[in-house]
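Only one structure is covered here, and it is reproduced in the block below.
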Amino acid sequence: MTQGMLFALLSLLLYGVWGFAYKLLSLKGIHGEWAVALVMLLGAAISAAIALARSDPLPLGKMAGNLPWLILVALSGAVGNIFLIKAMSTQGLGSGVALAVSGAYPLVAALLAFLFLGEQLAGIQAIGIAAIIFGVGMLTFK
């Protein structure tokens with residue numbers, strides 16, 4: 001197993017815990033913009049502490065030239081998280097379905113990369129995308 005695949009699997013595990021914890025917070029009445037703000041602030045503090053502990057230098061030069069993209073990442077992540085926890089706190093929609101639908105975001109990323117970055121999809125990757133669409137579609141039916 002490659003190091004990249006190990007990180008991807010650990011990410012999968014932690015995102016699963018993250019989704020479960022968001023649902024648990026929504027059941028306790030903690031959802032909406034303030035929940036996302038607190039989670040993102042705590043996440044930023046934890047990320048900064050890890051970077052400092054690893055002695056990673058802050059790449060201000062690279063960041064300054066990419067400020068619009070950094071803002072886009074922050075904006076889409078924050079608003080996406082707000083919509084996700086609102087979806088999970090809505091009656092009649094299971095958290096698994098909400099997480100599966102929102103978790104299919106690589107489809108959007110792949111399409112945008114294809115349209116704007118010229119990235120290509122191999123045949124097996126296109127089949128994987130079709131399988132994701134089919135699987136998410138199956139979750140919406142009872």
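Bear in mind these aren't lab numbers, they're just calculated from the coordinates by the rules spelled out. These numbers were taken from a predicted model, which means no experiment stands behind them. Positions of Cβ are backbone-derived with ideal geometry, glycine not excepted, and every protein chain shown enters the neighbour counts.
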Checklist entry - Under unit Cβ charges (Lys, Arg +1; Asp, Glu -1), what dipole magnitude, rounded to 20 debye, does the chain have relative to its Cα centre? => result 280 debye
Next on the checklist: Taking only the Cα atoms of the chain, how large is their convex hull per residue, in Å³?
Outcome noted: 157 Å³
Checklist outcome for this item: Quick calc: nm separation of the 7 Å Cα→Cβ label points for Ala131 and Ala51 -> 3.6 nm
Checklist entry - Given a cut-off of under 8 Å on Cα pairs at least six residues apart, what relative contact order in percent is computed for segment 10-103? => result 40 percent
Checklist entry - Quick one: if you take sqrt(5λ) for each eigenvalue of the C-alpha gyration tensor of segment 52-99, what semi-axes come out, biggest first, whole angstrom? => result 34, 14, 6
Item to check | Net charge, Ala48 excluded, C-beta distance under 13 Å - Lys, Arg +1, Asp, Glu -1 | outcome: 0
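How do 17-26, 38-47 rank on mean C-beta neighbours within 10 Å, highest first? List each step's numbers first, then the result.
Values: 17-26: 16.1, 38-47: 11.7.
Top of the packing list down: 17-26, 38-47.
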